[in-house]
Amino acid sequence: MHSKRVLKKISTPFESFGPQGAILMVNMVDPQVSTMRVFLEAVEEVGIPVLGVANKTDLVDGAGRAAVEGELGLELIPASMSTLEGMEEIRTRLAETFAPKDRIAVLGVFNSGKTSLIGNLTGLDLATGNLPGTTLEFTAYPYGDYVLIDTVGQIIDVSKPMMVSVDLSGCESTGERIARVLRQDAEGILATLEVAVPAIETVVGVLRECIEAGNKIVVTGAGASALVAMEMAGQGLETGVPIMVFTNNLGDMQPISFAKGTGEEEAGLSRYMSLAINDGDVVIGISASGGTGFVYHALERARARSVITVAITENVDTPLGDAADYVIKSNAKPEGPSSSKVQAAHLAIGHALLLTLADERGVSADRSIELMLPEVVPTKKMGIK
Ligand SMILES: Nc1nc2c(ncn2[C@@H]2O[C@H](COP(=O)(O)OP(=O)(O)OP(=O)(O)O)[C@@H](O)[C@H]2O)c(=O)[nH]1
Ligand SMILES: [Mg+2]
């Protein structure tokens with residue numbers, strides 16, 4: 001499990017595959033413009049021609065394309081790898097843009113449809129899927145006179161290893177590095193502020209109704225998102241919100257792990273969580289990638305009942321986004337293979353949700369101090385078990 005997770009996060013500079021051209025796949029369901037810009041900068045640095053594709057047009061109306069084109073400074077061919085719209089134009093423009101024998105890297109974030117495009121062009125039956133990271137290694141496929149290179153959906157910077165979330169190149173002192181990390185975390189939160197307020201506002205209303213009806217909130221996440229979930233539950237309890245948290249952290253302290261171990265792919269964890277969830281509750285799933293197994297599975301199980309589901313994620317076109325009635329999208333990318341800006345943004349979203357809720361429910365200073373103070377019950381004094 002862990003080795004797979006690490007593998008998913010390793011990206012190879014695409015320069016090492018000697019590309020002479022690039023196709024940039026933009027997922028119009030979630031264009032992630034700031035990340036696409038990093039791909040474009042990397043391509044420009046190598047100085048190779050690039051062809052832009054606006055994919056998944058079957059799922060969105062076309063109005064957003066011009067805005068994305070403007071932001072990227074790149075024309076995008078409207079296309080759908082499902083309905084095959086735009087395939088003819090892609091074939092034609094590909095032949096016009098690239099020279100025969102060129103090696104063309106197909107770039108884009110995960111789930112943008114890179115492998116689907118290569119499958120459509122070559123007629124090969126390739127593995128695709130909406131779990132982030134279906135393609136885990138660079139693979140070359142012949143297509144007529146060209147070679148298409150399928151890539152992993154991570155930022156690939158041609159000049160830097162970028163093995164941490166924040167690019168620290170160019171920093172000359174420890175102080176500069178520290179300042180850059182702090183600034184980038186703050187920028188991730190500010191960029192989230194620009195897009196997420198309406199969704200957070202809606203969810204505050206949903207949570208308030210849920211609590212006023214006598215129901216509760218259940219929050220879940222894995223790894224770093226588990227810490228965000230814990231913090232949300234902590235803030236909730238300090239402000240009188242009925243809230244529970246389930247994570248795979250400290251998994252060996254949860255009964256399910258005694259028998260089966262814990263991992264992101266552990267459906268036993270989502271089943272166990274379901275026992276604590278009643279109709280009318282709200283389940284909040286947190287996952288930066290949107291692809292954490294037990295987290296999206298818990299929401300899928302909840303949604304099959306009368307339970308309201310909320311996702312906090314950077315990536316909405318994912319199993320977690322699909323399983324949620326309400327999605328709060330952070331906007332903290334671009335990041336390197338590791339993530340920290342997204343987690344900082346998710347923490348801020350959690351605070352925004354719970355503190356707004358507390359204020360609007362009129363939690364007084366006295367009441368919150370009461371909730372924070374330890375409550376002691378008398379316990380036995382004799383030393384006999
Ligand atoms: N509706 C719709 N679904 C699409 C389209 N293109 C791809 N998909 C689906 O989106 C998911 C992701 O497609 P992939 O081709 O695996 O995407 P990828 O960019 O290779 O993803 P990774 O390998 O994870 O980086 C799959 O479930 C595809 O079937 C499209 O145009 N419309
Ligand atoms: Mg792929």
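In the frame of its principal axes, the stretch 109-242 has Cα extents of 65, 46, 26 Å, reported largest first. Comparing mean-square fluctuations of G336, G62, G153 from a GNM of the chain with C-alpha springs under 10 Å, the top value falls on G62. Under a GNM of the chain (C-alpha, springs under 10 Å), which listed residue has the highest mean-square fluctuation: V363, V218, V327? Of V363, V218, V327, the Gaussian network model singles out V363 as fluctuating most. Dividing the mean sequence gap of close Cα pairs (under 8 Å, 6+ apart) by how many residues the chain holds gives a relative contact order of 16 percent. The residues of the chain expose, per residue, 47 Å² of accessible area to a 1.4 Å probe. For the stretch 9-150, the C-alpha radius of gyration divided by 2.2 N^0.38 Å, with N the number of residues, is 0.95. For the stretch 279-385, what class follows from the C-alpha gyration tensor (a ≥ b ≥ c being the square roots of its eigenvalues): rounded when a/c is under 1.5, otherwise prolate if a/b is larger than b/c, else oblate? Cα axes put the stretch 279-385 in the prolate bin.
Counting only protein chain heavy atoms and rolling a 1.4 Å probe, the accessible areas of D58, D145, D125, D30 rank, largest first, as D125, D145, D58, D30.
The separation of the stretch 319-385 from the stretch 101-121, counted between C-alpha centres, amounts to 39 Å.
Of the accessible area of the stretch 193-372, with the probe set at 1.4 angstrom, what percent is carbon plus sulfur? About 54 percent, which is the carbon plus sulfur part of the accessible surface. Taking all protein chains together and a 1.4 Å probe, the residues S274, S169 rank S169, S274 from largest to smallest accessible area.
According to the Kirkwood relation over distinct C-alpha pairs, the hydrodynamic radius of the stretch 193-372 is 16.2 Å. For the Cα trace of the chain, dividing Rg by the Kirkwood Rh returns an Rg/Rh value of 1.03. When the helix-only estimate is applied to the chain (DSSP H runs of n ≥ 4, each -39,500 (n - 2.57), divided by the residue count), what is the mean residue ellipticity at 222 nm, nearest 500 deg cm²/dmol? After summing the helix terms and dividing by residue count, I get -13500 deg cm²/dmol.
Find out how many positive minus negative residues lie around G293, taking Lys and Arg as positive, Asp and Glu as negative, among other residues whose Cβ is under 9 Å from that of G293. Once positives and negatives cancel, what remains is -3. Comparing mean-square fluctuations of T139, T35, T292 from a GNM of the chain with C-alpha springs under 10 Å, the top value falls on T139. Taking Lys and Arg as +1 and Asp and Glu as -1, the other residues whose beta-carbon sits under 15 Å from that of E238 total -3.
Helices meeting the span-like rule in the chain (full DSSP H runs, Cα extent of at least 27 Å along the helix axis, mean Kyte-Doolittle score of -0.5 or higher): 174-212, 341-360.
The values are calculated or read from the model by the stated rules, or taken from the named source; none is laboratory data. Quick caveat: nothing in here was measured; it's all calculated off a predicted structure. No Cβ is skipped: glycine too gets one built from the backbone with ideal geometry, and neighbour counts run over all protein chains shown. These accessible areas exclude ligands, DNA and RNA; they are computed on the full protein's heavy atoms, side chains included. Shrake-Rupley method; radii C 1.70, N 1.55, O 1.52, S 1.80 Å.
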